[in-house]
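Undergrad: Can you keep this structure in mind? I'll have questions shortly.
The values are calculated or read from the model by the stated rules, or taken from the named source; none is laboratory data. Please read all numbers here as calculations on a predicted model, not as lab measurements. In this analysis, Cβ positions are derived from the backbone assuming ideal geometry, glycine residues included, and neighbour counts consider all displayed protein chains. Heads up: the accessible areas ignore ligands, DNA and RNA and are worked out on the full protein's heavy atoms, side chains in. Shrake-Rupley method; radii C 1.70, N 1.55, O 1.52, S 1.80 Å.
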Amino acid sequence: MVKDTIKQPPTLPKTEGELMEIRNKVVSNPFHTTKKEPTVISMTDGVLIPKKGNKHLVTSWRLTFFGAVVVLVCLCVFDPDTYWKIFKYTITGIPTTFECTIFAILGAVLIGTITGVGSSSKNRVVNQICGIYVELIRGIPLLVQLMFLYYALGSLIHIEGIVAAIIALSICFGAYMGEIIRAGIQSIPKGQVEAATALGLSKSQTFFSVILPQTIKVVLPAIGNEFISMLKDSSLVSILALSDILKRGREYISRTFLSLQTMLVVALIYLILTLILSRLVGFMEERLHKNG
Amino acid sequence: MAKIEIRNVSKDFENNNGTILHAVKNVSLTVNDGEVVVIIGPSGSGKSTLLRTVNGLETAQSGSILIDGIDIMDKDTDIRQVREEVGMVFQSFNLFPHLSVLDNITLAPMKVRKMSRNEAEDKAMDLLAMVGLADKAHQKPTQLSGGQQQRVAIVRALAMEPKAMLFDEPTSALDPEMIKEVLDVMLKLAKSGMTMLLVTHEMGFARAAADKVVFMADGEVVESGTPEEMFANPKTQRAKDFLNHIL
Ligand SMILES: Nc1ncnc2c1ncn2[C@@H]1O[C@H](COP(=O)(O)OP(=O)(O)O)[C@@H](O)[C@H]1O
Ligand SMILES: [Mg+2]
């Protein structure tokens, strides 16, 4: 069956089954090219991004989302004096929350790419530095880091509060992002680098043309998750005198003492935002998968 | 084309537990210009490792490897330039899954040889036509069968216009019915005068195309000769046992 065009040795009347058996005995294990299944990496919160085909999650997403919207609308309609006023006041924190979240996630991706590449590097020193950074960040509560970095930045350079907060958030999330990207890089089969190397590509050409595009695909879901975490954790900046959603809520409480009602609205706003975001990330992933 | 001279090459690996593994022991082997040399031997005998030292995927601890007289282990030799001239085909194809078949083929010519996209694509299409896959140019590798993927991998290596080609068990990851289509391409290449060093256990291919068959075991070359000599009456007991096993 193998080679009609090629001369057959006369003593070869073997069945395919026998040939496969022989093949299995002779063929080496591809030591250098172990194939790995595409890895799904999730770091912080569990994956809560509903996809088509995951009926259970889609249903609970719908129930939660519409439930939250209905509750919020009812509260505002039936008790506008309390809730509509709270809503109008706290919603003005959204731009700050978004600004912090979006810029900080970009910063975190940037830092994460550098540390991710660094901790995959064979260079001992670079590797150690990245490792220490990750350990430091992991070992200190986010709130403490945030305040420390905020004050440290403030005393070193004169920058706006929001910029300091964004930098601080980026540094904190950068470590987790670095771990995600490191895992992503390591999930790319070794054979990819070898094939590129064998073709004469330089290390940087290999990284940018072969490793990075494949890594992005692997890590995008995890980055989406981080994005959602970031939206929530950005509420910590309220302690830094930035008027995000939570800060606006606390201001409102100090004026009206409607603490429970205000926090309910704040919670609903965050919930609705994260649910929308998780859906968007889900769509993005689906499109990514469709595009091969 | 090119001549490959492997002289007294040894390669050790240090295992995680600190023990030293002698994967290749003092191997010498010459592939003359336009010759086809087939390496056979049981798994773990160092065939892949030896092959990989030729284009610097592994660095040998001692010995020398000359390609057209240029010592690739010399510190002054730019190993990347050597790799441009020596193509390699892997057991597991290693196509780039995020790129189309065409982009897989044109990547290196454009990045390394600085060819224009048009020129690289024309060339890629010619080569694809040669292996009967012109209609697959715009598909992703995962949409192709194993045999088709390996033919693309061969074309990808050929697009760099190498002087010599290395094959590491190119058909052993394939379903039996796909082996022939890949061997046919390799046979064509061999007949065209390409210098080829390959690890394969396709004895039919070895008989049809090889100038020399080298039997390796435990990191050493145990015996070598023409395919006729090797297959009809191997001299060493180990080669005999091995060939009995697979023939
Ligand atoms: N990167 C590596 N690290 C450690 N040991 C290795 C490595 N590559 C190969 N080996 C070992 O070297 C020996 C020869 O391997 P290999 O060249 O792949 O053999 P073959 O291709 O003949 O099956 C094997 O024992 C293998 O486990
Ligand atoms: Mg091998």
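Undergrad: Ignoring ligands, DNA and RNA, please state the percent of accessible area on segment A:55-291 from carbon and sulfur, probe 1.4 Å.
TA: Ligands and nucleic acids excluded, carbon and sulfur reach 71 percent.
Undergrad: Mind giving me the nanometre distance, one decimal, between the label points for A:GLU99 and A:TYR151, set 7 Å out from Cα along Cα→Cβ?
TA: Going by the 7 Å Cα→Cβ label model, 2.4 nm.
Undergrad: Note down the net charge around A:THR97, summing +1 for each Lys or Arg and -1 for each Asp or Glu among other residues with Cβ under 15 Å from its Cβ.
TA: So the environment of A:THR97 carries a net charge of 0.
Undergrad: Hey, could you pull the Cα Rg and Dmax for segment A:90-181, both in Å?
TA: 14.1, 49
Undergrad: From the gyration tensor of the Cα coordinates in the protein assembly as shown, what semi-axes in whole Å does the equivalent ellipsoid have, largest first, with each one equal to sqrt(5λ)?
TA: After scaling each eigenvalue by five and taking roots: 60, 25, 20 Å.
Undergrad: Using a Cα-Cα cut-off of under 19 Å, which aspartates and glutamates could be cross-linked to A:LYS55, ignoring same-chain neighbours fewer than 8 residues away?
TA: Once the sequence-local aspartates and glutamates are set aside, what remains near A:LYS55 is A:GLU285, A:GLU286.
Undergrad: May I pose another question? Give me the percent of Cα-Cα pairs in segment A:55-291 that sit more than 30 Å apart, rounded to a whole number.
TA: Percent of Cα pairs beyond 30 Å in segment A:55-291: 39.
Undergrad: If R₀ is 60 angstrom, what is the calculated FRET efficiency for the pair A:VAL58 and B:THR19, using the beta carbon separation as r and rounding to 0.05?
TA: Efficiency computed from Cβ-Cβ geometry: 0.65.
Undergrad: Another question, if that's okay. Of the peptides B:75-83, B:123-131, B:46-54, how do they stack up when ordered by the mean number of other Cβ atoms within 10 Å, highest first?
TA: B:46-54, B:123-131, B:75-83
Undergrad: Which order, highest average first, do A:226-233, B:100-107 follow once you tally other Cβ atoms within 10 Å for each residue and take the mean per peptide?
TA: Highest-to-lowest ranking by the protection proxy: B:100-107, A:226-233.
Undergrad: Across the residues of B:39-50, average count of Cβ atoms on other protein chains within 10 Å?
TA: Per residue, the number of nearby Cβ atoms from other chains is 2 on average.
Undergrad: For the cross-link pairs B:LYS11/B:LYS75; A:LYS122/B:LYS163; A:LYS190/B:LYS191, which exceed 23 Å when the distance is taken from alpha carbon to alpha carbon?
TA: A:LYS122/B:LYS163; A:LYS190/B:LYS191
Undergrad: A further question on this structure: Residue by residue, what Karplus-based ³J(HN,Hα) values in Hz, rounded to whole numbers, does segment A:216-222 have, using 6.51, -1.76 and 1.60 with θ = phi - 60° and x for Gly and Pro?
TA: Once θ is set to phi - 60°, the couplings for segment A:216-222 become 4, 4, 5, 8, 4, x, 5 Hz.
Undergrad: Rounded to the nearest 0.05, what FRET efficiency do B:ASP78 and B:ALA134 give with R0 = 41 Å and r taken as the Cβ-Cβ distance? Could you check?
TA: E(calc), rounded to 0.05, equals 0.75.
Undergrad: Can I ask one more? Taking only protein heavy atoms into account and a 1.4 Å probe, give the accessible area per residue of the protein assembly as shown in Å².
TA: Computed with neighbouring chains in place, this is 47 Å² per residue.
Undergrad: Here is a follow-up. Could you give me the percent of Cα pairs per 5 Å distance bin for chain B, shortest bin first, beginning at zero and ending with the bin that holds the maximum distance?
TA: Calculated over all Cα pairs of chain B, the distribution is 1, 6, 14, 17, 19, 17, 13, 8, 4, 1, 0, 0 percent.
Undergrad: Of the peptides A:267-280, B:228-241, how do they stack up when ordered by the mean number of other Cβ atoms within 10 Å, highest first?
TA: For the peptides A:267-280, B:228-241, the packing ranking is A:267-280, B:228-241.
Undergrad: What percent does the relative contact order of chain B come to when contacts are Cα pairs within less than 8 Å and at least six residues apart?
TA: It rounds to 27 percent for chain B.
Undergrad: If you take every DSSP beta bridge fully contained in the protein assembly as shown, what fraction is antiparallel? Give it as a percent rounded to 5.
TA: 55
Undergrad: Using protein heavy atoms only (no ligands, DNA or RNA), what is the total accessible area buried between A and B, 1.4 Å probe, nearest 100 Å²?
TA: 3900
Undergrad: Leaving out same-chain residues fewer than 8 places away, which aspartates and glutamates sit with a Cα under 13 Å from that of B:LYS123?
TA: List returned: B:ASP103, B:GLU161.
Undergrad: I would also like to ask the following. When Cβ neighbours within 10 Å are restricted to other protein chains, what is their mean count per residue of peptide B:168-180?
TA: 4
Undergrad: Still on this structure, I have one more. If you average the C-alpha positions of segment A:261-290 and of segment B:177-202 separately, how far apart do those two centres end up, in angstrom?
TA: Using only Cα atoms, the two centres lie 55 Å from each other.
Undergrad: Here's another thing I want to ask about it. Residues of A:190-197, mean number of Cβ from any other protein chain within 10 Å of their own Cβ, rounded to a whole number?
TA: Counting Cβ atoms of other protein chains within 10 Å of each residue's Cβ and averaging gives 6.
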